[in-house]
1. Test S48 against the stated conditions and say whether it is modelled with pLDDT of 95 or more, hydroxyl-bearing (S, T, Y) and within 21 Å of R109 (Cβ to Cβ).
2. So T93 ticks every box in (1) part of a strand (DSSP E or B); (2) modelled with pLDDT under 95; (3) of a type outside the set (A, V, I, L, M) but one. Which box is left unticked?
3. Those residues that are farther than 19 Å from L74 by Cα and surrounded by 13 or more Cβ atoms within 10 Å (Cβ to Cβ), I need them from region 1-32; list them, please.
4. Look at region 68-84 and say how many of its residues are under 23 Å from M129 (Cβ atoms) and surrounded by fewer than 18 Cβ atoms within 10 Å (Cβ to Cβ).
5. Looking at region 97-122, which of its residues are within 18 Å of Q68 (Cα to Cα) and either loosely packed, with under 15 Cβ neighbours inside 10 Å or of a type in the set (D, E, K, R) (or both)?
6. Which members of region 49-67 meet the condition of being touching a Gly at 6+ places or on another chain (Cβ under 7 Å), surrounded by 14 or more Cβ atoms within 10 Å (Cβ to Cβ) and over 28 Å from M1 (Cβ atoms)?
7. Being touching a residue at least 60 places away in the same chain (Cβ under 8 Å) and in contact with a strand residue (DSSP E or B) (Cβ under 7 Å, 6 or more places away or on another chain) is true for just one of A15, A25, A70, A47. Which residue is that?
8. If you check L98, L108, L40, which single one turns out to be over 18 Å from L10 (Cα atoms), touching a helix residue (DSSP H, G or I) at 6+ places or on another chain (Cβ under 7 Å) and part of a strand (DSSP E or B)?
Amino acid sequence: MTNREIIQGLYDAFAQGDAPTVLGALHDDVEWNEAPGNPLADRNPYASPAAVGEGVFGRILSNYEGFQAAPHTLVADGDHVVALGTYSGTRTTSGATLDAPFAHAWTLRDGKVSAFQQYTDTAQWRDQMG
(Lines give C-alpha, C1' and ligand atoms only; values in the text may rest on other atoms or scores of the structure.)
Protein backbone atom coordinates (compact mmCIF):
# COMPACT_ATOMS: atom_id res chain seq x y z
CA MET A 1 0.00 0.00 0.00
CA THR A 2 1.34 3.45 -0.91
CA ASN A 3 1.56 6.33 1.56
CA ARG A 4 -1.16 8.12 -0.40
CA GLU A 5 -3.43 5.08 -0.04
CA ILE A 6 -2.69 4.86 3.69
CA ILE A 7 -3.73 8.50 4.22
CA GLN A 8 -6.84 8.12 2.04
CA GLY A 9 -7.72 5.09 4.15
CA LEU A 10 -7.43 7.20 7.32
CA TYR A 11 -9.88 9.78 5.99
CA ASP A 12 -12.25 6.98 4.94
CA ALA A 13 -11.99 5.34 8.38
CA PHE A 14 -12.59 8.66 10.15
CA ALA A 15 -15.66 9.31 7.98
CA GLN A 16 -17.03 5.92 9.06
CA GLY A 17 -16.35 6.63 12.74
CA ASP A 18 -13.65 3.96 12.88
CA ALA A 19 -11.42 5.53 15.54
CA PRO A 20 -9.44 2.32 16.27
CA THR A 21 -8.21 2.21 12.66
CA VAL A 22 -7.25 5.87 12.65
CA LEU A 23 -5.45 5.76 15.99
CA GLY A 24 -3.85 2.42 15.12
CA ALA A 25 -2.19 4.04 12.10
CA LEU A 26 -0.25 6.47 14.32
CA HIS A 27 3.26 5.72 15.56
CA ASP A 28 3.51 5.42 19.33
CA ASP A 29 5.74 8.52 19.29
CA VAL A 30 3.69 10.53 16.77
CA GLU A 31 4.16 14.31 16.75
CA TRP A 32 0.72 15.79 16.03
CA ASN A 33 0.23 19.55 15.78
CA GLU A 34 -2.99 21.47 15.34
CA ALA A 35 -2.73 24.86 13.61
CA PRO A 36 -1.48 27.68 15.83
CA GLY A 37 -4.51 29.70 16.88
CA ASN A 38 -6.84 26.70 16.80
CA PRO A 39 -8.31 26.10 20.29
CA LEU A 40 -7.20 22.46 19.91
CA ALA A 41 -3.56 23.61 19.65
CA ASP A 42 -3.49 24.16 23.41
CA ARG A 43 -1.86 20.75 23.92
CA ASN A 44 0.59 20.82 20.97
CA PRO A 45 2.42 18.69 20.27
CA TYR A 46 0.26 15.65 20.92
CA ALA A 47 2.81 12.89 21.42
CA SER A 48 0.85 9.62 21.41
CA PRO A 49 -2.18 8.07 19.73
CA ALA A 50 -4.06 8.28 23.06
CA ALA A 51 -3.30 12.01 23.33
CA VAL A 52 -4.56 12.60 19.76
CA GLY A 53 -7.67 10.52 20.40
CA GLU A 54 -8.60 12.31 23.61
CA GLY A 55 -7.28 15.80 22.93
CA VAL A 56 -8.22 16.21 19.28
CA PHE A 57 -10.81 13.70 18.07
CA GLY A 58 -12.61 13.43 21.41
CA ARG A 59 -13.02 17.18 21.73
CA ILE A 60 -14.09 17.61 18.10
CA LEU A 61 -16.69 14.86 18.29
CA SER A 62 -18.09 16.16 21.58
CA ASN A 63 -18.43 19.67 20.15
CA TYR A 64 -19.69 18.97 16.61
CA GLU A 65 -22.49 16.90 15.11
CA GLY A 66 -21.87 15.42 11.68
CA PHE A 67 -18.21 16.45 11.73
CA GLN A 68 -16.32 15.59 8.54
CA ALA A 69 -12.78 16.14 7.30
CA ALA A 70 -13.22 15.64 3.55
CA PRO A 71 -10.11 15.78 1.37
CA HIS A 72 -10.50 16.64 -2.29
CA THR A 73 -6.80 16.44 -3.21
CA LEU A 74 -3.95 14.24 -1.98
CA VAL A 75 -0.39 14.83 -3.14
CA ALA A 76 2.31 12.33 -2.20
CA ASP A 77 6.08 12.59 -2.39
CA GLY A 78 8.06 9.87 -0.67
CA ASP A 79 7.24 9.83 3.05
CA HIS A 80 5.12 12.98 2.80
CA VAL A 81 1.45 13.36 1.87
CA VAL A 82 -0.40 16.67 1.71
CA ALA A 83 -4.19 16.68 1.82
CA LEU A 84 -6.35 19.62 0.82
CA GLY A 85 -9.98 19.60 1.82
CA THR A 86 -12.80 21.02 3.91
CA TYR A 87 -13.98 20.55 7.48
CA SER A 88 -17.71 20.62 8.09
CA GLY A 89 -20.03 20.06 11.00
CA THR A 90 -22.58 21.71 13.26
CA ARG A 91 -21.59 23.06 16.67
CA THR A 92 -23.65 21.23 19.27
CA THR A 93 -24.16 24.21 21.60
CA SER A 94 -24.88 26.99 19.10
CA GLY A 95 -25.91 25.33 15.85
CA ALA A 96 -23.17 27.27 14.04
CA THR A 97 -21.91 25.60 10.88
CA LEU A 98 -18.24 24.89 10.41
CA ASP A 99 -17.09 25.19 6.79
CA ALA A 100 -13.32 25.60 6.96
CA PRO A 101 -10.72 24.70 4.35
CA PHE A 102 -7.72 22.69 5.49
CA ALA A 103 -4.29 21.56 4.43
CA HIS A 104 -2.82 18.60 6.28
CA ALA A 105 0.87 17.72 6.05
CA TRP A 106 1.42 14.04 6.92
CA THR A 107 4.77 12.31 7.41
CA LEU A 108 4.92 8.53 7.40
CA ARG A 109 7.57 6.12 8.62
CA ASP A 110 7.31 2.36 8.20
CA GLY A 111 3.72 2.70 6.97
CA LYS A 112 2.53 4.66 10.03
CA VAL A 113 1.97 8.36 10.69
CA SER A 114 4.96 9.82 12.51
CA ALA A 115 4.02 13.51 12.17
CA PHE A 116 0.99 15.64 11.32
CA GLN A 117 0.63 19.40 10.85
CA GLN A 118 -2.74 21.08 10.37
CA TYR A 119 -3.34 24.36 8.53
CA THR A 120 -6.89 25.77 8.61
CA ASP A 121 -9.10 28.81 9.11
CA THR A 122 -8.44 29.08 12.82
CA ALA A 123 -10.76 32.09 13.18
CA GLN A 124 -13.79 29.84 12.55
CA TRP A 125 -12.58 27.29 15.11
CA ARG A 126 -11.82 30.03 17.66
CA ASP A 127 -15.18 31.77 17.13
CA GLN A 128 -17.05 28.50 17.65
CA MET A 129 -14.96 26.76 20.33
CA GLY A 130 -12.85 29.49 21.90
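The values are calculated or read from the model by the stated rules, or taken from the named source; none is laboratory data. Please read these numbers as outputs of a predicted model, since none were measured by experiment. Because the Cβ atoms are built from the backbone with ideal geometry, glycine has one as well, and the counts that use them run over all protein chains shown.
1. Yes, satisfied.
2. Only one criterion is unmet by T93, namely (1).
3. Result: D18, A19, T21, L23, H27, V30, E31.
4. Going through region 68-84 one residue at a time, the tally reaches 3.
5. T97, D99, P101, A105, D121
6. As a first pass, look at region 49-67 and keep what is touching a Gly at 6+ places or on another chain (Cβ under 7 Å): 64-67.
Next, from what is left, pick out any that are surrounded by 14 or more Cβ atoms within 10 Å (Cβ to Cβ): 64, 67.
Hit for region 49-67 is Y64, nothing else.
7. It is A25.
8. None of the other options fit; the residue is L98.
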